[in-house]
Structures are given as C-alpha cells and as structure tokens.
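To start, the structure under review is shown below, and the notes come after it.
All of the numbers you see were taken from the coordinates with simple rules; none came from a lab. Since the model is a prediction, treat every value here as computed from it, not as a measurement. Virtual Cβ from ideal backbone geometry, glycine too; neighbours counted across all protein chains shown.
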Amino acid sequence: MSYSYTVTCTFTEAAVADEWIAWLNDEHLRDVCEAGALDAEVIRFEPDPAGEHQFIVCEVRYHFKDKASFAAYERDHAPRLREEGLKRFPPERGLQYARRTGEVRGQYPAKPSS
C-alpha cells in the first residue's frame, strides 16, 4: 500500500494563500516529487458556509510508494525543502502548518473518460 503525507495550511489573508499556491505549483510540488513522491495535489477548501471561520484552508497531499520511501524523503530532502518554504512563508505572515501521515488503506480507480 502507498503512504500518504498531507500538509494543511491555514491562512489569515487570501493574498498569502494565493502566493503560497502559486509557489507550490511553480516549484515545490515538482521538488517533492523529484525527491520521492509519486504524485501531489493542492486543494483550496471552500469557505465555511456559516461564516463562523474567516480562515482560508489549503491542503497538499502527496503519495509515496511506501512508508520506507517517505522515511527516505524525510531524512534526505524534507529538512531542506521545509526550510525553503518557511523562509518564504513563515508563521509571521499569518499562516499555520499541520502535517499528517498514514498508510493508504484503500483506493478506487477513476473510470476512464470517454
């Protein structure tokens, strides 16, 4: 089974979220995939319909072949890539990071498009 690595980022300002997503798409996703991830996707969540939270929430999801591949990424590449990201997007810019990992326990393939 593959291994999932998810980074959730909460922003106080939309402009910073937009800049972060542009950086991911222009550079960072490629760098993480070159360092071992099989794929990557970025999700910008819809705002809270009740309007209770004024934060912008985005998530980046990476898949690795297995836990050992992720461990190699964390050991050999993550410190440098995280440092680069924190230089551009430190918490002082109004964002907060959370990370989670886990084994993928099931997937269902998409139907081929016609």
Study note, to complete from the structure: Cβ pairs under 6 Å, 6+ apart or interchain, first in region 62-90 and farther than 11 Å from ASP31 by Cβ, second of a type in the set (D, E, K, R) and exposed (fewer than 15 other Cβ atoms within 10 Å of the Cβ), ordered by first then second residue, are HIS63/ASP39
Point to revise | Within region 1-22, considering residues that are more than 24 Å from GLY94 (Cα to Cα) and among the hydroxyl-bearing types (Ser, Thr, Tyr), the one surrounded by the most Cβ atoms within 10 Å (Cβ to Cβ) | key: TYR3
Point to revise | LYS87 farther than 15 Å from VAL7 by Cβ and touching a Leu at 6+ places or on another chain (Cβ under 8 Å) | key: no
**Study point:** Contacts under 8 angstrom Cβ, first residue in region 11-31 being under 23 Å from HIS77 (Cα atoms), partner polar (S, T, N, Q) and surrounded by fewer than 16 Cβ atoms within 10 Å (Cβ to Cβ), 6 or more apart
**Key:** none
Exercise for review: Among the residues of region 81-114, write down those that are in contact with a helix residue (DSSP H, G or I) (Cβ under 9 Å, 6 or more places away or on another chain), closer than 30 Å to THR12 by Cβ and not hydrophobic (A, V, I, L, M, F, W, C).
Suggested key: GLU84, GLY85, ARG88, ARG93, GLY94, TYR97, THR101
**Study point:** Residue among LEU24, LEU38 that is within 26 Å of GLY106 (Cβ to Cβ) and among the aliphatic types (A, V, I, L, M)
**Key:** LEU38
Check your understanding: Among helices (runs of 4 or more DSSP H) lying entirely in region 23-100, which contain 1 or more residues that are among the basic types (Lys, Arg), exposed (fewer than 14 other Cβ atoms within 10 Å of the Cβ) and more than 17 Å from the chain's Cα centre (by Cα)?
Key -> 67-76
